[in-house]
Structures are given as structure tokens and as C-alpha cells.
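This report refers to the structure that appears directly beneath it.
Each reported figure results from applying straightforward, stated rules to the coordinates on display, with no laboratory input. Remember, predicted model here, so these are calculated numbers, not experimental data. For neighbour counting, all protein chains shown are included, and Cβ atoms are generated from backbone atoms with ideal geometry for every residue, glycine included.
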Amino acid sequence: MRIVGLTGGIASGKSTVSNLFKAHGIPVVDADIVARNVLKKGTGGWKKVVAAFGEDILLDNGEVDRAKLGQTVFSDPGKRQLLNRLLAPFISCGILMEVLKLWIKGCSIIVLDVPLLFEAKMDKWTKPIVVIWVDPETQLQRLMSRDGSMEEEAKSRINAQMPLDLKRSKADIVIDNTSSLEALHEQFQKVLTQITKPLTWTEFMLSRNGAFLALFSTFFGVAIFRRSS
Ligand SMILES: CC(C)(COP(=O)(O)OP(=O)(O)OC[C@H]1O[C@@H](n2cnc3c(N)ncnc32)[C@H](O)[C@@H]1O)[C@@H](O)C(=O)NCCC(=O)NCCS
Ligand SMILES: Nc1ncnc2c1ncn2[C@@H]1O[C@H](COP(=O)(O)OP(=O)(O)OP(=O)(O)O)[C@@H](O)[C@H]1O
């Protein structure tokens, strides 16, 4: 199985690229969706977060007030680290379950869309790693217009992540999304060709079909050995 890492900065265009992968039939595991699920009312992540941050961060219906928790953690690095520490095991486990489901289905190439791929050290699970880069001014403008946020709030979210230039230096493949959507689509086509190359032997052995082949080979090898001895 080939697990492609997809990362970048906030509002750099990961979801836009994820949608292109999905449109080409490549399944995507979205870490933001997993992170939302592990914070739903009554889950293990919810219990830990309420115990640490108090009931003040809850809405009347008992769900976490995401806007309020966001304001708290993006303006205070200590609280953000605490939230990350509390949720990291649930998020990793949730991602692993999604990958397992796709493995069982027999998918051979999948994409992990994880904003904090490097920060959470999940980069070791993925190869190649695609980083969506965008110039800082464009990133700020897109974030503010998408979320309707003020400059200060948008900057605090951007600064909560590893600098995008550092992420770019760790990438196997870089997509520069500073320009138009047409330019993005053009780069995407090249990336698609690269990531859909035939699997290496190791990637094949890590796929469901590879595991079945290994299992059958062992089974028949043992059967033949028993007959001949
Ligand atoms: C703080 C929360 C409640 C704010 O929710 P909100 O709906 O406003 O934002 P959303 O979850 O849609 O995230 C939007 C983007 O913010 C960035 N982001 C989210 N969490 C973090 C974080 N802990 N550190 C840095 N950037 C983050 C990501 O780029 C993400 O794509 C939420 O982001 C959260 O629970 N974060 C912790 C879980 C986490 O690490 N998520 C990232 C998945 S790897
Ligand atoms: N090339 C582009 N030209 C113009 N707008 C773009 C381009 N690429 C993405 N956008 C817009 O920029 C915003 C951010 O893109 P997107 O939501 O894909 O980023 P993201 O990296 O997934 O963000 P997050 O980290 O918050 O999940 C969206 O409103 C999207 O429509």
C-alpha cells in the first residue's frame, strides 16, 4: 500500500487538492474530520478536553464550542500544546482505523490529508510527502476571506504551525498554490502521474493483495514441504 502524505499550512489549499484526488478515485483520509469526531460529545477525547478546559468551553447542547476553544488555544501556546497532547492519541488511532478500513477494501494508493503531519511526527508513515505551499500574503488573504476572520486572529492560526517554508524543505513533492486554480490543476496532473506509478515491491507487500500472496505462498510452501518429507 502506498500512503501519500498531504500537508501544508492552514488555508494553503489541502482540501482543494484532496478534492482533486477524490475526483480521480483516490481515497483520502482527512485528519480534520477525524479530529472533529474525536471531540464529539461523550467521546474519550471530549471527556479529556472538558476535564482539562472546564465546562465553560461547552455549548448548551453539551458539544464543544469550537470557536471558543479555537480562540483559547490559538492565542495561548501552552493551552494549544495541552489540547494537542490530549487529542493526539485519539487522532492517531482514528487515522489508523481509517487506513485499516481502506487496506481491508484492497485500496493500493491512499492519501492522508494531515495539516500537522510533521508537527505530529506522522510523516514517518507516509511516502511520498506532498506539501502545498503558498506565499505568506496569499495564505493570510485566503484564510481571512474563507473564515471571515480578522488579521490578528488569522495570523495567530498561521503562527501556531510549523513555518510553511520549513515544511516545503521536508517535502518530496511541492505544489505551489500561490497562483490560479488552473495553475493548481496543471501541477496536480503531474503529481497524479507521479503518485500513481506502479507500486514498489515493498509497497505491494504492505497492501492487502501482497499480504494474501505472502500468506498463500507460505501455506503452499509448508504443504509441499510436508508432502516431500
Ligand atoms: C481548536 C479547534 C477546536 C478549532 O476548531 P475549528 O473548527 O475552528 O478549526 P478546524 O478544526 O476546522 O481546523 C482548521 C485548521 O486549523 C489548523 N489547526 C487545527 N488544530 C491545530 C493545532 N492544534 N495546531 C495548529 N493548527 C491547527 C489546521 O490547519 C486545520 O486545518 C480544532 O482545530 C481542534 O480541535 N484542534 C486540535 C486537533 C488537531 O490537532 N487538529 C488538526 C488535525 S491533525
Ligand atoms: N489557487 C487558488 N486560487 C484561489 N483560491 C484558492 C486557491 N486554492 C485554494 N483557494 C481557496 O483558499 C481557501 C483555502 O483553501 P483550502 O480550504 O483548500 O485550504 P486548506 O489547506 O484545506 O485549509 P485548512 O488547513 O484550514 O483545512 C479556500 O477558500 C479555497 O477555495
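For the chain, give the magnitude of the charge dipole about the Cα centre (Cβ charges: +1 Lys/Arg, -1 Asp/Glu; no others), in debye to the nearest 20.
1260 debye
Roughly speaking, what is the stretch gain from Trp125 to Ile224, that is 0.36 nm per residue apart minus the C-alpha to C-alpha distance, in nm to one decimal?
Here the answer is 32.0 nm.
For the chain, what is the percent of antiparallel DSSP beta bridges, rounded to the nearest 5?
Just about 5 percent of them are antiparallel.
Kindly identify segment 169-214 as rounded, prolate or oblate by the Cα gyration tensor criterion: order the square roots of the eigenvalues as a ≥ b ≥ c, call it rounded if a/c is under 1.5, otherwise compare a/b with b/c, prolate if a/b is larger, else oblate.
prolate
Which of the residue pairs Lys22/Lys155; Lys105/Lys167; Lys22/Lys127 have a Cα-Cα distance greater than 27 Å in the structure shown?
In this structure, Lys22/Lys155; Lys105/Lys167 lie more than 27 Å apart at Cα.
Is the C-alpha gyration tensor of segment 96-229 telling us rounded, prolate or oblate? Criteria: a/c under 1.5 is rounded; beyond that, a/b larger than b/c is prolate, otherwise oblate.
Verdict is prolate for segment 96-229.
Would you mind listing how long segment 1-122 runs along its three principal axes, going by Cα atoms, in whole Å with the largest first?
Principal extents (Cα only, largest first): 44, 29, 26 Å.
Give me, ordered by chain and number, the residues 5 or more places off Ile109 or on other chains with an amide H under 5 Å from its own placed amide H.
Sorted by chain and number, the residues that satisfy this are Arg2.
Starting from the Cα of Thr202, step 7 Å along the direction of its Cβ; do the same at Ser15; then give the gap between the two resulting points in nm.
3.4 nm
Order these by the 10 Å Cβ neighbour count, fewest first: Cys107, Cys93.
Cys93, Cys107
Can you give me the pair-distance distribution of the chain, C-alpha pairs, 10 Å bins, whole percents?
Pair shares across the bins are 7, 27, 31, 20, 9, 4, 2, 0.
Computed FRET efficiency, Cβ-Cβ of Gln189 and Asp135, R0 22 Å: what is it to the nearest 0.05?
Once rounded, the FRET efficiency stands at 0.50.
Per residue of the chain, what 222 nm ellipticity follows from adding -39500 (n - 2.57) for every DSSP H run with n ≥ 4, rounded to the nearest 500?
-18000 deg cm²/dmol
Please arrange Ile109, Ile33 by counting, for each residue, the other beta carbons lying within 10 Å of its beta carbon, fewest first.
Least to most surrounded, the residues fall as Ile33, Ile109.
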